[in-house]
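Student: The structure's right below; bear with me while I get my questions together.
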Amino acid sequence: MPIPGDGRPIDRTLLRNNVYERLRDAVVAGTFAPGEQLKDVELATWLGVSRTPVREALLRLAASGLVVAQPGKSTTVSAIDERAVRDARDVLAAMHQLAVRETVAILTDDDLDRMRAANRSFSAAIAAGDVDAALAADDELHAVPVRALGNKAVAAVLDQFGPVVRRVERMRFASSGIASVEAHDELIALCAARDTEGAAAAAFETWHSLPVVT
């Protein structure tokens, strides 16, 4: 397994989460390709940690479907499976719909401004072909209602299944993202108008319209 050359120290105060996030992001970004074997010793060396948090992170990734773990044998990066992406996409659509429906009435002007700023950043990133920046801006926009909701169960579900969909979104945003900019504008306008059902439907469609075929 080739080890990336950008290893840097992990923040020990949030060791487990940091290890998980680094490995998750490497899988989503394609640094570790589908079918590639992941060896905990090599990963621990790369991240500068012990094998324990790496093993814990791999178990979390397996629960999300990003890797396939065979106890006593090996752990490999999973293939991008159409059914798995569709299932995860449908769950994300329902969770974001719930978050928007429950928070439209309480979103502040600052919340709406953050969503608008995130969409401007998203649009600029798409125009520049910067997929990483586009994904970060997209995350920030959709995170505003989720944070306002404050439902830990919803946040946990999004954290578990979001990366499965992100692998496909990277491909989508690498080729086109204009439709997403327009969908974001519509969502924000409906939220600003306090149109609860309209905004909830727009949030659902924004996620549910994501193609699952790679």
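Read-outs throughout are calculated quantities, based only on the coordinates presented, and are distinct from any laboratory measurement. Note that the structure is a prediction, hence the values are computed from the model and not measured. Heads up, the Cβs are rebuilt from the backbone with ideal geometry, glycines too, and the neighbour counts pull from every protein chain shown.
Student: What are the ³J(HN,Hα) couplings of region 174-185, residue after residue, when phi is run through the Karplus curve with 6.51, -1.76, 1.60 and θ = phi - 60°? Round to Hz, x for glycine and proline.
Tutor: Going residue by residue, I get 6, 9, 6, x, 4, 4, 5, 4, 5, 5, 4, 4 Hz, with x marking Gly and Pro.
Student: As an exercise, use a Förster radius of 25 Å and the Cβ-Cβ distance of ALA174 and LEU112 to find the FRET efficiency, rounded to the nearest 0.05. List each step's numbers first, then the result.
Tutor: Working: r = 29 Å, r/R0 = 1.15.
After rounding to 0.05, the efficiency reads 0.30.
Student: Between ARG147 and ASP195, how many nm apart are label points set 7 Å from Cα along the C-beta direction?
Tutor: Simple spin-label model gives 2.6 nm for this pair.
Student: Still on this structure, I have one more. Order the peptides 43-52, 148-157 from the highest to the lowest mean number of other Cβ atoms within 10 Å of their residues.
Tutor: Put in order of decreasing packing, that is 43-52, 148-157.
Student: Report the relative contact order of the chain, percent, no decimals, based on alpha-carbon pairs under 8 angstrom and at least 6 residues apart. Could you put the intermediate results ahead of the total?
Tutor: Numbers: 269 pairs, mean separation 52.2, N = 214.
Answer for the chain is 24 percent.
Student: Among residues other than SER176 whose Cβ falls under 13 Å from its Cβ, what is the net charge (Lys/Arg +1, Asp/Glu -1)? Write out the running numbers ahead of the final one.
Tutor: Working: positive: ARG170, ARG172; negative: GLU169, GLU182.
Once all neighbours under 13 Å are counted, the net charge is 0.
Student: Counting other C-beta atoms within 10 Å, which of ILE106, ILE80, ILE188 has the fewest, and how do the rest follow? Walk me through the numbers on the way to the answer.
Tutor: Working: ILE106 11, ILE80 17, ILE188 21.
Fewest-to-most ranking of ILE106, ILE80, ILE188: ILE106, ILE80, ILE188.
Student: Moving on. Residue farthest toward the positive end of the dipole of the chain, with Cβ of Lys/Arg at +1 and Asp/Glu at -1: which of GLN70, ALA189, ALA200?
Tutor: GLN70
Student: Hey, another quick one. Only Lys, Arg, Asp and Glu count, each charged at its Cβ (+1, +1, -1, -1), so figure out the dipole size of the chain about its Cα centre, rounded to 20 debye.
Tutor: On the way: 24 positive and 30 negative charges, 186 e Å.
It comes to approximately 900 debye.
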